Each structure stands twice: as C-alpha cells, then as structure tokens.
Amino acid sequence: MNESDAAAEGRSIPALMALNARRHASRPAYREKEFGIWQSWTWAEAHEETRALAMGFLALGLNPGDHVAIVGRNRPALYWSMVAAQMCGAVPVPLYQDAVAEEMDYVLDHAGARFVVCGDQEQVDKVIDVQERLKHIEQVIYVDKRGMRKYDHSRLNALEDVLAEGRAAHNRFEAELAARIGRIGYDDTCVMLYTSGTTGKPKGVVLSNRNIIETAKNSAAFDHLSQREEVLAYLPMAWVGDFIFSIGQAMWAGFCVNCPESAVTMMTDLREIGPTYFFAPPRVFEGQLTQVMIRMEDAGRFKRWLFHRYMAVARRVGPAILDGNPVGLGDRLSYALGDLFIYGPLKNTLGFSRIRVGYTAGEAIGPEIFDFYRALGINLKQLYGQTEASVFITQQPDGQVRSDTVGVPSPGVEVRIADTGEVFYRSPGTFVSYYKNEASTASTKDAEGWVATGDAGFFEEGTGHLRIIDRAKDVGKMADGRLFAPKYVENKLKFYPNILEAVVFGAGRSFCTAFVNIDLNAVGNWAERNNIAYSSYQELAAHPEVYQTIRGHVEEVNRSVAEDPMLSGCQIHRFLILHKELDADDGELTRTRKVRRNIIAEKYADLIDALYAGKDRIYTETEVTYEDGRKGAIKATLTIADAAVAGGAERMAAE
Amino acid sequence: MNVMTPEGYVAADGRRIGPVLMEMKNITLRFGGVKAITDISFEIREGEIRAIIGPNGAGKSSMLNVISGFYVPQEGEVWFRGAKRPPMKPYQVARQGIARTFQNIALFDGMSVLDNIMTGRLTLMRSGLLSQAIWWGGAEKEETAHREKVEKIIDFLEIQNIRKTPVGRLPYGLKKRVELARALAAEPKLLLLDEPMAGMNVEEKEDMCRFILDVNDEFGTTIALIEHDMGVVMDLSDRVVVMDYGKKIGDGTPDEVRSNPDVINAYLGVAHE
C-alpha cells in the first residue's frame, strides 16, 4: 500500500498500527533485549498483543476520556499500553520514570489519572505512596513481576494477567473495542505530555492525532524514512521526541523500535542494533567522544599516530564528502584508506556503522564534537523543537549542516521573528492546549495559532537558517546596560570536556561570574594519569591544579567572547568550582538536564554574594537529596578564583 | 517468639518457615589440640534466614565449613533433609543442593562474569567430557538450557551490563554480587554466605541485603550467613546462633539474642567486681 492509503486510513495511532499489521505483517515492529537475547515481535504480533491488552483494560473498566499514566523505562509492553489506552478511547500520559514521589504526585493529581501502568516495583511503590492522597487512582498495572508477590493485589494487576484476561474475554469485548477505535477522531487527543518544567510546575501539553500524525508524515518525508529503519528507544518515554520517533514516525513509516536491556547497557545495545536513524542529546555524543579520546590516550604509540593522522584527513575533507561537495582525488583516496583503518572500525565500536540520519537537539552542541562525527561520515544534523510543536520547528536538510544553526523551518511550519527577537511558529503540529490551564494556553498561543518559543534568535542572511542565541527571558542587561546572554557563555564553557555544567550570573551586576561543575570522567582520568590522588568528587573539584586548568578554559572563553563586541560584557571575571554535581533530584536541573537558573541562584545565594564581595574563600553547607528520597548535607569550603578578561571589558570594570 | 512446631513457625514478617532442613548434633571440631568448635547443636529450617554471629575467632567460619563438608567434625552428626550425612567431599555436598560464597572472593579473575556464573551450573551438567568438547547434540542443547537459567539470575541480580566483563576488572562490591550469582546458579536448597557484606560501603550493603531478601523470597532458598555487621544481621535474619570461643552461647530471634546476658557479655564485656 502506498502513502495515500495510509493518509486515508491512518487517522489515529491504533488505525496506523492496524494498517502496519497488514502491510508489514511479518516485518519486525519491536525488539527488546531480555535475558541476553533480542526478543522480537512482528507488526502482526504487536498488534495482537496491543488489542488483547486493550480488551484487558476494558475488562478493568477503562472509560473513554480517562487518563492512563505510563511510567517506566522504554519497553515494548509500555508502548503497547499507550496504544491500547488509545484504542479504548483513553489518553496515555507518559511520565518521567526518575521523578521522585512528590513530583509524580503533582502530575498524577493534575492529570487525574485513573489507571497507572508501571514498569517495575520501584514505580509501583511511588504510586502507592501517592495513592494515599489521590483517591482517583483506581488501578495500578505493573510489567516486571519481581518483588511484587506480597503486595495487596485488590487494585493491582500484572500486565501479563491483564493481557491474559483480555485474550480470554475477546468474544465479550471485540465489538466494544471495534466501536471505540471507530469513534477516534482526527482532532481527538492523542497523548498528553508534561513539559519538564524549566520554570515552575510542569504543564500538560495536549496533542491531537492530527498534531502527531501530520508531524510524523512531514518529518518522515523530509528524511525519507522507510519501514527499513531501526531506532533505539532509550530516551525518556515522557519526552515528546520519544513519542514522535518511537510511536508517531514508527507507526507512520512502519519501522522497528528497539528497546535496550537496561539504562546501563545502552551503549552495548546500541552497538548490537546499529540503528539507521538515531537521536541523542549533545551530552551523549560528548560522552562518547570523551570515551574515545580517553581510550586513544591509553593506546599504543603507533595506533595513536594512525588515529591522529587519519582524523586530521577526516576533519579536512570528511564533511565535504558527506555533503557531496567536490573533493580532490588524492584526498578521496586518503579518506578511503582512513575509512578502512580508522573510521569504519570506530563507527562500528560506537554503533554508528549503519546510521543514515542522526539528530541532536535540546542544547547547543560543541563545534568540535559536531565536526568529529560528521568527519567520520555520520550524517549528524541539528533540529530545533519543543513539546508544544510536536518536536519539529526547524531542522537541517541533508547537505546544509552546520554546528551554529538549527536549520530551516520544517515542512509545514511557518516561523517568524518578533521585534523583541523572540521566535514564533505555527504548524499542523502546534499543540491543542495546556491541560486545565487556559491562562497559559492563551499567553503562549495567540488566536491565529502562533506560538511563542521563549527563545531569542534570528534568520541568517543568505542561507535562511535559524540561529538561536538564548532563552528570551534569560537575555538581560548588565548594570551598565550591556547585553547579558548567559547561555551563550555557558555553552562555550561546556564545550571543554573537563566542564560538565556551568552557570553564569551577571544580570544587573557590573561584571559576570560563574559556577563550574567538573566532569568527573574527564578530570578523574586526568588525575589518574598524573598520579593525583583524590577520594571524592568534592576533593577533586577543590584541587589547585584542577582550578588552574579550569581557569585556563575560562580565560580562553573570555578571549572568544571578547571577539563579539555586542557580547564582550559577558566575560567571566570570577568563578568557583562547585563541591557537588548539579542534580535533578535536588531540583537544580530539569529532568531533561537543563539548568534551573533561579533555583540555583536562590539555593547558592551565599556563594554568589561571595563571588561579588571579593572574598577568595567561602564556607557553605548544601542540602542534598539521595536517590531514595532521604536528605543529607554537604559541607565545604570553596575557593574563588579570578580569571583574566580580554580587551574592552577590563577597562569597563576598572572604571 | 512464635510457637515452634515440627512443621515450622511463622516469622516476624509473616513468612511461613518450614520443617527442619539441616540439623547439627553435638558437633565438635579439633585441629590437633585446639578445639575450634565444642559440642554445638542447632538446626536450620526450610525457608529460613539463619545467621551465625560471634566475635573474631569464635569458630563461625569453621562451622560453615562443617556444613559445606570442607571440614569433617571429629564428633557429632550432620543431618540433612532427614538423613544422617556420612563424611563427604565438598563436591558431593554441592550435589546435595548446598552452595556457598567465600569470605575472600574466590572467582576466576580472567573469565567473564557470564562464564564464572556458568561454572556454578557444573554440578547440574549431565553430558560427558567428550560431547561437551565437540559441542554436539545433547551438549549444545544442555548448554542453551543452562545459559537460560544463568541469564535469569543475571537479570535478577541486575548485572546485565557486566555480563561480558572479565571479573578481574570489577570493583569489590560487584565481585561479591557475581559470587552470589554463581552460588545461585547451582539452584541450591541451602545457600551459605560467608560475610557477604564484609568490606562494603553502606550503599553496597543495602543492595546486598535487598538481594538476599529477594533470593529468599523469590526462590524460597534457605540461607545461612555469617556476618559482622550487627545491624544487618538483626534486620535480615529470622533466627541467630551466637558463638564465642567455639561454644554456642545463644540461639533465638534477634530480639531474644539481643537481650541474652551471655551474648551481651561476649560482645560488650562485663564489669568485674
């Protein structure tokens, strides 16, 4: 069947799944590694499982319009639960699995979920915790049976049992299920996703079938996705990207979704699957590059020479070859040899041998990192999107890829820049509303359907590519009126492998200062090679030589920032290395690991005061939350260091 | 404490403990003139978590070695599953369904985690040396079946990510977990743990506790353990045997043992007037 048939029939996710069960019946739809082996299900089998599960839900009394919360790691059973809920006319609401009970409490309360599908005992425990207060949670269903035997099962069921019950009762529910699927409209709610809540409480973004399916259709056509793609589903199911890639596009194009064995085996599983279509936030690519570089440092001298020699060739001509630009014959030969000796084996080790389209988004990616992967011949591109747009706002077409832009508007998306510099868009993927929050809906989406992104950016002359500078609300003024763009500087700092996270302060002040988090992997390896003993993160972070290295990075960034006269005020005069890693459990980062600037500024107010008061040491106590929810305190005396600033900024500060 | 009957008793957390699985009757163990164990009797019941505690040199490890058949006591009888056990070699004891871990880890450092755990299935393998060597027919099928069991244990103990890692490269806490995995692979009726938490940090101890409780709960394995960490012992076990200088000075539930004056003397000392 061709695309127009899909367009005619596929007006909902359950309808698309039924279509795939016919047109790709024996092709793999889902794989999951369990007990050391990849188990797989064809589209026909997956469809059967999902239907049985939906009938099981009906037997438990799931009503149209109910919210079904889904929480757990990426597993086929949980994806089927989402589609099964849709079949019943209910709305799936995937949640972040690493959320602590109180965060989950808010979302479950707000969504008013009647059913909760949990991955394992850990999630069930959290739900039972909040169930005391939230009486509307009626049924809890779990996938992994481990440790669940002794629980009170009066309102608790194993997913396996729900499936079995659905199968047994199919005579009873077949007609009801068909009727429910038939009633799903194109503009009915497909899914509700909670924003990660960079500011304030998370908001429930309501996306319709039209939003998801139109977006999947457009983006699949943009990158020529077919039923032959393989994706690795490892990003949180609550994140819109995973919903679009692993449900929207997978259902539309009919490709296979592979679920890793556990979060810690992700890299091994990536290598075994060798996906053709891959998405990762910049930190994954950064982490892999750091690993490669660390391991090359430990390699023999000849291997190291070979690696550096051919990586130089790749950096020079690799991107051009990838983009199909003319390259001399000699260079082509060198590159082919490099591919044989270095790039091929390296890509194989990383799991990128078969990659056809790779995307990164969410944060700015360092140009060196980006170029490294492109040089190897991996078609890594950037996209710009958000939950409210069903991901896609802009993306980079093949052959027009650069590290400093986010590409051209995606098919079907209109983008305009307001006078304030804020980026607005309008598209078929634009969300319906925020759940139970009309005020926010109205302030975000205007009557004509334009949505404010909250990001400041501009279109580049000539190429028509969009460039994003910073969050519109974070762009501020310093005391003397110069522009303050913290993210711009933080990103430059984070491009150094030694720096994991940075937070820059300076709005309304006379100069800028920064908190720095070291990367324990990179700095720890350096310490090991230089015989520097340390017993904890805190001790390593306070080491004078580490300070020296970080000062070097800060000063380099200052020089690079000074080159842009508009932003030269953002140079960092003083900084300190934090004694603990910023952590989502302490509320310092969002679950997607974005810095929560205001919370950090409030929590560490004493440190900021010290930075501006000219002290060079400061004693501090910080409350930390452990993974199991208990609290403790870290005490430390931190050193504050000065950094040299370049050019005009120094004069201004001296005045 | 709950009423003890020949059929068993109900543990503090409501678990049903079964009849006697192993009984030690008047065991005395000597090394030359030194008495390591003097006239000790106690029993281990099915489904129970039984701890043996005592100060250094009290004879705990010797006791465990008697149970595992490594030492043969000069006096006394060992009864297992209702029959008196004749003197046996350790591998014969293993075949009876008793597996153990060691105080100082005894794994094959150069072999992967998977292979190490597979060795735990050795006593259950039936195909001969030749057919295993040429890996043909029954041997292949048998290995697949064993691998499946091993994978279930790997999943259970959450060590999927180190499946192919050589044991020598693992940190201490993980090695301990691999050793537990290997012992479990033998599908024991009775699992002996010799200081499973020794040298671990708090987090590793908590993990290990959880795994021990889960093993007992999921597989119904009876567990006898030696441990120094009193907090762990009191939380974990249903009944505790206390030893001092080779003698039994206390036996009962953690609460009973804790209030036993002899035990307090042995651990805290007593004022002399």
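We did not get these values from a lab; they are worked out from the coordinates using the rules stated. Model, not experiment: these values are computed from the prediction. Heads up, the Cβs are rebuilt from the backbone with ideal geometry, glycines too, and the neighbour counts pull from every protein chain shown.
Which semi-axes, in whole Å and largest first, does the equivalent ellipsoid of region A:10-207 have when worked out from the alpha carbon gyration tensor as the square roots of 5 times its eigenvalues?
Ellipsoid semi-axes (Å, largest first): 25, 20, 17.
Give the residue list of trypsin sites (Lys or Arg not before Pro) in region A:145-223 that are DSSP loop and have at most 12 other beta-carbon atoms within 10 angstrom.
A:R149, A:K150, A:R183
Less than 20 Å apart at the alpha-carbon level, and either on another chain or at least 8 residues along: which lysines does that give for B:K84?
Straight-distance partners of B:K84: B:K25, B:K189.
Give me Rg/Rg_expected for chain B, where Rg uses Cα atoms only and Rg_expected = 2.2 N^0.38 Å with N residues.
Rounded to two decimals, the normalised Rg is 1.05.
Report the charge-dipole magnitude of the protein assembly as shown in Debye, nearest 20, computed about the Cα centre from +1 at each Lys and Arg Cβ and -1 at each Asp and Glu Cβ. Walk me through the intermediate numbers first.
Values: 107 positive and 126 negative charges, 411 e Å.
Once rounded to the nearest 20, the dipole reads 1980 debye.
What Kirkwood Rh does region A:1-95 have if only Cα atoms enter the pairwise 1/r average? Answer in Å.
14.0
Pairing the Cα long axis of helix A:301-322 with the longest principal axis of chain A, what angle in degrees results, from 0 to 90 and rounded to the nearest 10?
That helix lies at roughly 70 degrees to the long axis.
Helix-only estimate, please: 222 nm mean residue ellipticity of chain B, summing -39500 (n - 2.57) across DSSP H runs of length 4 or more and dividing by its residues, to the nearest 500.
Result for chain B: -10500 deg cm²/dmol, rounded to the nearest 500.
Putting +1 on Lys and Arg Cβ atoms and -1 on Asp and Glu Cβ atoms, find which of A:I181, A:Q86, A:L350 reaches farthest to the positive end of the dipole of the protein assembly as shown.
The residue sitting farthest along the positive end of the dipole is A:L350.
Quick check on chain A: helices-only [θ] at 222 nm, where DSSP H runs of length 4 and up contribute -39,500 (n - 2.57) each and the sum goes over total residues. Nearest 500, please.
On the way: 23 runs with 252 residues, N = 655.
Helix-only estimate at 222 nm: -11500 deg cm²/dmol.
Compute the helix-to-body angle for B:172-185: its Cα long axis versus the longest principal axis of chain B, expressed 0 to 90° and rounded to tens.
80
Please report the base-10 log of the normalised intensity I(q)/I(0) for region A:393-473, using a Debye sum with one equal scatterer per alpha carbon and no solvent, at each q in 0.22, 0.27 (1/Å).
The Cα Debye sum returns log10 ratios of -1.06, -1.34.
Which semi-axes, in whole Å and largest first, does the equivalent ellipsoid of region A:476-654 have when worked out from the alpha carbon gyration tensor as the square roots of 5 times its eigenvalues?
26, 19, 15
Output the Kirkwood hydrodynamic radius of the protein assembly as shown, Cα pairs only, in Å rounded to one decimal.
31.4
Can you give the angle from 0 to 90° between the axis of helix A:520-529 and the longest principal axis of chain A, with both taken from C-alpha atoms, to the nearest 10?
Around 50 degrees separate the two axes.
How far is the Cα center of region A:466-502 from the Cα center of region A:530-600, in Å?
Each part reduced to its Cα centre gives a spacing of 13 Å.
Percent of Cα-Cα pairs more than 17 Å apart in region B:77-151, please.
59
As a footprinting exposure proxy, order A:R416, A:R551 by other Cβ within 10 Å, with the fewest listed first.
A:R416, A:R551
Past 22 Å, Cα to Cα: identify those pairs from A:K436/A:K594; A:K436/A:K473; A:K381/A:K492; A:K33/A:K217, in the order given.
Among A:K436/A:K594; A:K436/A:K473; A:K381/A:K492; A:K33/A:K217, the Cα-Cα distance tops 22 Å for A:K436/A:K594; A:K436/A:K473; A:K33/A:K217.
How many Cβ atoms of partner chains, on average, are near each residue of A:28-36 if near means within 10 Å of its Cβ?
Partner Cβ neighbours, averaged per residue: 3.
With only alpha-carbon atoms in the gyration tensor, what are the semi-axes of the equivalent ellipsoid for region A:325-434, in Å, largest first?
Each semi-axis is √(5λ); the values are 34, 15, 12 Å.
Which one, B:E227, B:E23, B:E140, has the greatest fluctuation when you compute a Gaussian network model over chain B with C-alpha springs under 10 angstrom?
Checking each option, the largest mean-square fluctuation is seen for B:E140.
What ranking do A:W305, B:W79 get, fewest neighbouring Cβ atoms within 10 angstrom at the top?
A:W305, B:W79
Could you tell me which of rounded, prolate or oblate describes region A:12-55, using a ≥ b ≥ c as the square roots of the eigenvalues of the alpha-carbon gyration tensor, with rounded for a/c under 1.5 and, failing that, prolate when a/b is larger than b/c and oblate otherwise?
oblate
Kindly provide the trypsin sites (Lys or Arg not before Pro) of region B:126-210 that DSSP labels as loop, not H, G, I, E or B, and whose Cβ sees at most 12 other Cβ atoms within 10 Å. Mind showing how you got there, number by number?
Details: sites: B:R126, B:K141, B:R147, B:K149, B:K152, B:R163, B:K164, B:R169, B:K175, B:K176, B:R177, B:R182, B:K189, B:K205, B:R210; in loops: B:R126, B:R163, B:K164, B:K189.
The qualifying sites are B:R126, B:K164.
Region A:105-145: which GluC sites (Glu not before Pro) are DSSP loop and have at most 14 other beta-carbon atoms within 10 angstrom? Could the numbers behind the result be given before it?
Working: sites: A:E122, A:E132, A:E138; in loops: A:E132, A:E138.
In loop regions of region A:105-145 (DSSP not H, G, I, E or B), the sparsely surrounded GluC sites (Glu not before Pro) are A:E132.
Relative contact order, percent, of chain A when contacts are C-alpha pairs under 8 Å separated by at least 6 residues?
Rounded, it is 9 percent for chain A.
If you average over every viewing direction, what projected area does the convex hull of the Cα atoms of region B:2-54 give, in nm²?
4.6
If you place +1 on the Cβ of every Lys and Arg, -1 on the Cβ of every Asp and Glu, and leave all else neutral, what size is the dipole of region A:10-207 about its Cα centre, to the nearest 20 Debye?
Using Cβ point charges on Lys, Arg, Asp and Glu, region A:10-207 gives about 560 debye.
Projected area of region A:466-507, taken from the Cα convex hull and averaged over every viewing direction, in nm²?
3.5
Among A:F484, A:A514, A:H543, whose Cα sits farthest toward the positive end of the charge dipole of region A:480-573 (+1 at Cβ of Lys/Arg, -1 at Cβ of Asp/Glu, about the Cα centre)?
Checking the options against the dipole of region A:480-573, the answer is A:F484.
Roughly how far apart, in whole Å, are the Cα centres of region A:121-181 and region A:7-79?
After rounding, the separation between the Cα centres reads 16 Å.
Have a look at region B:17-116 and give its Rg and Dmax from the Cα atoms, expressed in angstrom.
In Å, with Rg to one decimal and Dmax whole: 14.9, 44.
Excluding residues fewer than 8 places away in the same chain, name every one of the lysines whose C-alpha is closer than 21 Å to that of A:K635.
Hits, sequence-local ones excluded: A:K580, A:K603, A:K615.
Find the relative contact order for chain B and round it to a whole percent, using C-alpha pairs within less than 8 Å whose residues are 6+ positions apart.
Dividing the mean separation by the residue count of chain B yields 25 percent.
Setting aside same-chain residues fewer than 8 positions from A:K150, which lysines have a Cα under 18 Å from its Cα?
Hits, sequence-local ones excluded: A:K126.
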